[in-house]
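Trainee: My questions will all concern the structure given below.
The values are calculated or read from the model by the stated rules, or taken from the named source; none is laboratory data. Model, not experiment: these values are computed from the prediction. No Cβ is skipped: glycine too gets one built from the backbone with ideal geometry, and neighbour counts run over all protein chains shown. For the accessible areas, the whole protein counts, side chains as well, though only heavy atoms, and no ligand, DNA or RNA atoms are used. Shrake-Rupley method; radii C 1.70, N 1.55, O 1.52, S 1.80 Å.
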Amino acid sequence: MTLWMSYLRELNMCSMMLRVVLAMLVGGIVGFEREKKGRPAGFRTYMLVAVGATLTVILSQYLDFMLNTRWANVSQEIGIKTDLSRFGAQVINGVGFLGAGTIIVTGKQEVKGLTTAAGLWASACMGIAIGAGFYECMVMGTLLIIFSMKLLPLIETVVMRRARNMSIYVGMDRMENLGSVVAYLKASGIKIFDVEIEKSAAEHLEKVNALFSIRLPKQFKHTEVLAKIATMDGILAIEEV
């Protein structure tokens, strides 16, 4: 086993092919989870990022090997020096523009795409590890990334349902309904930390959107607040964000 691992860490045709195939498979596995949820970056994007990062590290190892063997005389004459870490660092910097393209702020002042952007960055790091032949890191990294994307949201949902702080997006057909919502919250002993109000007029119909940051009393359920506000007159939409 040790001999095989040593062989696969060398720069030979078998190890290079294995690294690229592993990067494609691992990147696809991580991206498949995002694809199912309809995120901007999915199966193919993650796969390409992982493969590209792996190829970059393999290239840096190849150049270092050639400059110290076949091209040694030429490199000494012209003073060429290579830094293996420089290529990997540029991959991490370069993947930033992909991550930035997946992050958006919705009309409800909600940030979307942060997990996808972080996943792309982690996929690039995983590709670098594969390209360097650090297979143990690849296995552990893949498991942790899948755990973060697949299982942690379930835990997060349970925790958020029991949290006393919550943010509510409410759409109303006129400004007067805002007072009714505020009156209900105060009467229920709910503290209001902040209210962001946005007015929009379309087809002679005034529409008011409000984002409430509130703190519930103990044993007060999120669904109870949402259900009560939804039954009020003039409420067009309500959602916890």
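Trainee: If you scan the stretch 3-33, which residues turn out to be within 10 Å of GLY133 (Cβ to Cβ) and in a loop (DSSP other than H, G, I, E, B)?
Mentor: Correct list: GLU10, LEU11.
Trainee: Please verify whether the stretch 102-123 includes one or more residues that are loosely packed, with under 14 Cβ neighbours inside 10 Å, among the aliphatic types (A, V, I, L, M) and at pLDDT 85 or above.
Mentor: Within the stretch 102-123, not a single residue is loosely packed, with under 14 Cβ neighbours inside 10 Å, among the aliphatic types (A, V, I, L, M) and at pLDDT 85 or above.
Trainee: Scan the stretch 17-57 for residues that are touching a residue at least 12 places away in the same chain (Cβ under 8 Å) and either in contact with a Ser or Thr (Cβ under 9 Å, 6 or more places away or on another chain) or small (Gly, Ala, Ser) (or both) and report the count.
Mentor: Going through the stretch 17-57 one residue at a time, the tally reaches 22.
Trainee: Can you name the residue in the stretch 201-237 that is open to solvent by less than 50 Å² (accessible area, probe 1.4 Å) and of a type in the set (S, T, N, Q) and, of all such residues, is modelled with the highest pLDDT?
Mentor: Out of the qualifying residues, it is SER213.
Trainee: If you scan the stretch 161-176, which residues turn out to be open to solvent by less than 90 Å² (accessible area, probe 1.4 Å) and free of Cβ contacts under 8 Å to residues at least 60 places away in the same chain? Break it down into steps so the answer makes sense when it comes.
Mentor: We begin by selecting, within the stretch 161-176, every residue open to solvent by less than 90 Å² (accessible area, probe 1.4 Å); these are 163-173, 175.
Hits for the stretch 161-176 are ALA163, ARG164, ASN165, MET175.
Trainee: Are any of the residues in the stretch 34-56 outside any helix (DSSP H, G or I), of a type outside the set (D, E, K, R) and over 22 Å from VAL91 (Cα atoms)?
Mentor: Kept after step one, since they are outside any helix (DSSP H, G or I), are these residues of the stretch 34-56: 37-42.
Filter again for of a type outside the set (D, E, K, R), leaving 38, 40-42.
Narrowing further to those that are over 22 Å from VAL91 (Cα atoms): 38.
Yes, the stretch 34-56 contains a residue that is outside any helix (DSSP H, G or I), of a type outside the set (D, E, K, R) and over 22 Å from VAL91 (Cα atoms).
Trainee: So, one more: Considering only the stretch 138-179, state which residues are in contact with a strand residue (DSSP E or B) (Cβ under 9 Å, 6 or more places away or on another chain) and small (Gly, Ala, Ser).
Mentor: SER167, GLY171 - these are the residues of the stretch 138-179 that are in contact with a strand residue (DSSP E or B) (Cβ under 9 Å, 6 or more places away or on another chain) and small (Gly, Ala, Ser).
Trainee: What number goes with the only condition from (1) modelled with pLDDT of 75 or more; (2) open to solvent by 60 Å² or more (accessible area, probe 1.4 Å) that MET126 does not pass?
Mentor: The single condition MET126 does not satisfy is (2).
Trainee: Going through the stretch 177-196 one residue at a time, which ones are among the aromatic types (Phe, Trp, Tyr) and not in a helix (DSSP H, G or I)? Explain how you work it out, then say what you get.
Mentor: Narrowing the stretch 177-196 to residues among the aromatic types (Phe, Trp, Tyr): 184, 193.
Matches in the stretch 177-196: PHE193 only.
Trainee: Can you name the helices (runs of 4 or more DSSP H) wholly within the stretch 104-176 that have at least 1 residues being touching a Gly at 6+ places or on another chain (Cβ under 7 Å)?
Mentor: Working: elements: 114-131, 135-150, 152-162.
Answer list for the stretch 104-176: 114-131, 135-150.
Trainee: Checking ASP83 against (1) open to solvent by less than 80 Å² (accessible area, probe 1.4 Å); (2) at pLDDT 75 or above; (3) more than 16 Å from the chain's Cα centre (by Cα); (4) not polar (S, T, N, Q): exactly one of these is not met. Which one?
Mentor: Going through (1) open to solvent by less than 80 Å² (accessible area, probe 1.4 Å); (2) at pLDDT 75 or above; (3) more than 16 Å from the chain's Cα centre (by Cα); (4) not polar (S, T, N, Q) one by one, ASP83 breaks only (2).
Trainee: Please work out if GLY179 is modelled with pLDDT of 80 or more, small (Gly, Ala, Ser) and over 30 Å from THR56 (Cα atoms). I'd like the intermediate steps shown before the answer.
Mentor: Values: modelled with pLDDT of 80 or more: yes; small (Gly, Ala, Ser): yes; over 30 Å from THR56 (Cα atoms): yes.
In short, yes.
Trainee: Based on this model, can you work out whether ARG174 counts as in contact with a His (Cβ under 7 Å, 6 or more places away or on another chain) and either of a type outside the set (A, V, I, L, M, F, W, C) or under 27 Å from LYS112 (Cα atoms) (or both)? Reasoning before the result, please.
Mentor: On the way: in contact with a His (Cβ under 7 Å, 6 or more places away or on another chain): no; either of a type outside the set (A, V, I, L, M, F, W, C) or under 27 Å from LYS112 (Cα atoms) (or both): yes.
For ARG174, the condition - in contact with a His (Cβ under 7 Å, 6 or more places away or on another chain) and either of a type outside the set (A, V, I, L, M, F, W, C) or under 27 Å from LYS112 (Cα atoms) (or both) - is not met.
Trainee: Among the numbered conditions (1) open to solvent by less than 60 Å² (accessible area, probe 1.4 Å); (2) under 30 Å from SER123 (Cα atoms), tell me where LEU143 comes up short.
Mentor: (1)
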